[in-house]
Each structure stands twice: as C-alpha cells, then as structure tokens.
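Chemist: Below is one structure. I have some questions about it.
Bear in mind that the values in this text are calculations on the coordinates, not laboratory data. Everything numeric in this text was worked out from a predicted model, so none of it was measured. Using ideal geometry, Cβ is built from the backbone for each residue, glycine included, and neighbour counts are taken over all protein chains shown.
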Amino acid sequence: MATQICPNCKVDSFNWKVDEEESPLTIWDCGNCNYRAFENESDEQNCSKCGKKTESKLKDDKKEYWWCSNCNTTEIIKTAPNNVYKK
Ligand SMILES: [Zn+2]
Ligand SMILES: [Zn+2]
C-alpha cells in the first residue's frame with residue numbers, strides 16, 4: 001500500500017493499519033518520526049482546498065484535526081490533552 005505524507009514530520013512514510021486489539025479505529029503510524037494518530041473512518045469530508053473527498057478526521061493524544069491525504073492540508077479541530085476518544 002502507498003505511504004502518505006506524515007502530518008507531523010512531512011516525510012512520506014505515513015502508513016495505516018487495522019488492529020482490533022489496539023483500537024477499533026484505523027491506526028496511522030509514521031515510520032520516520034513514530035508519530036501515531038487514529039482515524040475515525042466514519043468522519044470524512046470534502047477537502048476545502050482541493051475539493052476531493054479525501055479529508056479524514058485524525059486524532060492523536062494532543063489534538064483532533066482534519067487531514068487531507070490528497071493535498072496534505074491539516075486543520076485543527078480542537079486540542080485536548082488527555083482526552084480519550086470515544087466512538
Ligand atoms: Zn512523521
Ligand atoms: Zn485536499
């Protein structure tokens with residue numbers, strides 16, 4: 001599968017996987033900076049920049065944001081330290 005640009009370090013080594021034991025959400029891992037984020041696949045929208053429906057909602061331990069895998073735009077939704085994601 002193709003890697004994406006990591007929103008954290010901007011290197012093309014961002015990869016997703018599904019591991020039901022770790023999380024019900026899609027897990028994104030960066031092979032370069034070890035950044036990890038979770039994607040809720042039910043949250044998808046058209047990117048405000050490129051217009052494609054490739055913008056997903058990602059969440060890491062510090063923030064939640066929209067990330068477009070096509071043009072690599074990120075838009076912070078909220079920052080919430082210690083906020084546990086509930087589906
Ligand atoms: Zn990275
Ligand atoms: Zn876009």
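Chemist: Test of understanding: among Asn15, Asn8, which residue is surrounded by 14 or more Cβ atoms within 10 Å (Cβ to Cβ) and assigned to a loop (DSSP other than H, G, I, E, B)?
Modeler: Just a single option satisfies the conditions, and that option is Asn8.
Chemist: Among residues belonging to region 11-68 that are among the β-branched types (Val, Ile, Thr) and closer than 21 Å to Ala80 by Cα, point out the one that is nearest to ligand 2 (Cβ to nearest atom).
Modeler: Thr26
Chemist: Let me ask something else. Considering only residues of region 62-73 that are of a type outside the set (Lys, Arg) and without any contact (Cβ under 8 Å) to a residue 24 or more places away in the chain, which is nearest to Ala37 (Cα to Cα)?
Modeler: Here the residue is Glu64.
Chemist: Within region 47-62, how many residues turn out to be within 15 Å of ligand 1 (Cβ to nearest atom) and either surrounded by 14 or more Cβ atoms within 10 Å (Cβ to Cβ) or small (Gly, Ala, Ser) (or both)?
Modeler: The number of residues fulfilling the criteria is 2.
Chemist: Of all residues in region 16-41, how many are more than 10 Å from ligand 1 (Cβ to nearest atom), free of Cβ contacts under 8 Å to residues at least 24 places away in the same chain and farther than 17 Å from Cys68 by Cβ?
Modeler: 8
Chemist: With the structure loaded, tell me whether Ala80 is among the aliphatic types (A, V, I, L, M), surrounded by fewer than 13 Cβ atoms within 10 Å (Cβ to Cβ) and over 11 Å from the mean Cα position of the chain (by Cα) or whether it fails that test.
Modeler: The answer is no for Ala80.
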